[in-house]
Amino acid sequence: MTRLLHRQTASALPVAVGGEGIELIDKTGKRYIDASGGAAVSCLGHGHPDVRAALHRQLDQIAYAHTGFFTTDAAEALAERLINDAPEGLSHVYLVSGGSEAVEAALKMARQYFVEKGEPQRRHIIARRQSYHGNTLGALAAGGNEWRRRQFQPLLIETHHVDPCFAYRHQGPTESDADYAARAARSLEDKVAELGGENVIAFVAETVVGATAGAVPPVADYFKRIREICDRHGILLILDEVMCGMGRTGTLHAVEQEGIRPDLMTVAKGLGGGYQPIGAVLLGGHIHDAFAQGSGFFQHGHTYMGHPMAAAAALAVQQVIARDNLLANVRAMGTVLHDRLTAQFGNHPNVGDIRGRGLFRAIELVADRGTKAPFDPTLKLNARIKKAAMAEGLMVYPMGGTIDGARGDHVLLAPPFIVTEDQVGTIVDRLARAVEAGLQEIA
Ligand code: PLP
């Protein structure tokens, strides 16, 4: 009997006892290809010798020093590295323990920025439907996933949600990308007009949408229009790259492909690659300066922020990615993965869309390709595929559809950046068998 409260109380999970490269090994000796990097976390795979060595060195030096008393070489070196590689304008790093904490900190930074600047009337946060920003109450309030929010609604701060940018589901059949980008962005413009631009703190969005909708990239120029609207009203743009960032889409930051700069950016999963829990907020110089020239402090903090073991792990992960030129492999294997998925599922009657960037890809499953009608979500097709995939020795990250048909079930793939062409082939073969098994069960 387990004393752990698991995600699902009735689940009997295999016990992970080892990891090697892109595989995890359970207690029975069974191997699983980690084709989802857990939840887009394990960018370097498992058991990497350089990260293990860096962690040992850090443990031998100092494991923990409270940031109210000390800084550490590990935290300083990681911040330096992150800012060297950051989009222009981002000047400082705030280190926390994960994605939700990073989003919470970014929201509070944005609010305090306007208090420091003498605009305390700014109080509204705008985000998008079909988004996910974390499970703590502030981050959950920002997210636009109705299913996750519903039972906690009375506890959530007031936030506002506008249209997502989701071409497969919302772009008209004859609508150009430019027209669709304008229409999707207009939803923010309308909301700002309703609330009064001078009352809005920030717009929060995932650059490439992850868990909720499944590797959904923006159409060209959408974020340029969003940046323009934010600038016109003095609203801060917070990009949440917790899942899509740190190399996952083929560039270190997904926003590099959008030609704009955020005011604040959150990163987490691929930052430490799962070797330690870590997240970060990268903040613009204007925000740092407002604090430095104002109250002189950011009124926030956590006991484990800037943790040296976490920083040392993240620094080692990022050094290996750069040294081994792994982003080139993300781009090359991303193309191979997309091509293999297209060859396997391009004509499949129940696969409506194959999308994503780099090694961040998804297929969306539909009952009818023509109408894009999703499967009844109570059939839990995504969970059936996950179970069948585990039986095949494959980890994938599936999510369910919505009753209103806003999206279908999808399966997200986010393999480690070290994946090879042969391994990509095996992933798609196993996924094909798991999809067929899931579909058979509900036929
Ligand atoms: N933001 C995004 C875009 C995410 O995908 C996630 C997690 O999936 C989070 C925030 C929350 O991160 P964490 O689970 O580390 O708290």
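Some points to look at:
- Summed over the range 253-272, the residues that are touching a residue at least 60 places away in the same chain (Cβ under 8 Å), in a loop (DSSP other than H, G, I, E, B) and within 21 Å of A362 (Cβ to Cβ) give a count of 2.
- Failed condition for R81, given (1) within 16 Å of the ligand (Cβ to nearest atom); (2) more than 30 Å from G405 (Cβ to Cβ); (3) surrounded by fewer than 21 Cβ atoms within 10 Å (Cβ to Cβ): (1)
- Among the residues examined, D263 does not qualify as over 22 Å from the mean Cα position of the chain (by Cα) and modelled with pLDDT of 95 or more.
- For the range 228-256, a residue qualifies if it is within 29 Å of E119 (Cα to Cα) and within 12 Å of the ligand (Cβ to nearest atom), and the qualifying residues are I238, L239, D240, E241, V242.
- The strands (runs of 3 or more DSSP E) falling completely within the range 1-70 that include 3 or more residues that are small (G, A, S) map to 16-20.
- Within the range 108-128, the only residue that satisfies the criterion of being within 16 Å of the ligand (Cβ to nearest atom), surrounded by 22 or more Cβ atoms within 10 Å (Cβ to Cβ) and over 16 Å from L195 (Cβ atoms) is M109.
- Residue satisfying all of: in the range 1-35; of a type in the set (D, E, K, R) and more than 23 Å from the chain's Cα centre (by Cα); nearest to G274 (Cα to Cα) among these: E20
- Among residues of the range 420-442 that are free of Cβ contacts under 8 Å to residues at least 12 places away in the same chain and hydroxyl-bearing (S, T, Y), none has a Cβ under 9 angstrom from a residue that is buried (at least 18 other Cβ atoms within 10 Å of the Cβ) and part of a helix (DSSP H, G or I) at a sequence gap of 6+ or on a separate chain.
- The set of residues in the range 1-33 being within 22 Å of T426 (Cα to Cα), in contact (Cβ under 8 Å) with a residue 12 or more places away in the chain and not small (G, A, S) consists of P14, E20, I22, E23, L24, D26, T28, K30, R31, Y32, I33.
- Of all residues in the range 144-156, those that are touching a residue at least 40 places away in the same chain (Cβ under 8 Å) have Cβ atoms under 8 Å from Cβ atoms of residues that are small (G, A, S) and crowded, with 16+ Cβ neighbours inside 10 Å, 6 or more apart or on another chain, in G144/A127; G144/S131; N145/S131; W147/G400.
- Residue check for E104: within 16 Å of the ligand (Cβ to nearest atom) and charged (D, E, K, R): yes
- Check on R261, more than 26 Å from L359 (Cα to Cα) and surrounded by fewer than 22 Cβ atoms within 10 Å (Cβ to Cβ): no
- Test result for T426, modelled with pLDDT of 95 or more, crowded, with 17+ Cβ neighbours inside 10 Å and of a type in the set (S, T, N, Q): yes
- Breaking point among (1) of a type outside the set (D, E); (2) within 16 Å of the ligand (Cβ to nearest atom); (3) more than 15 Å from A40 (Cβ to Cβ), for G259: (2)
- Residue match in the range 129-149 (condition: surrounded by fewer than 24 Cβ atoms within 10 Å (Cβ to Cβ), of a type in the set (K, R) and away from the ligand (no atom under 16 Å from the Cβ)): no
The values are calculated or read from the model by the stated rules, or taken from the named source; none is laboratory data. Please read these numbers as outputs of a predicted model, since none were measured by experiment. Cβ atoms come from the backbone with ideal geometry, glycine included; neighbour counts cover every protein chain shown.
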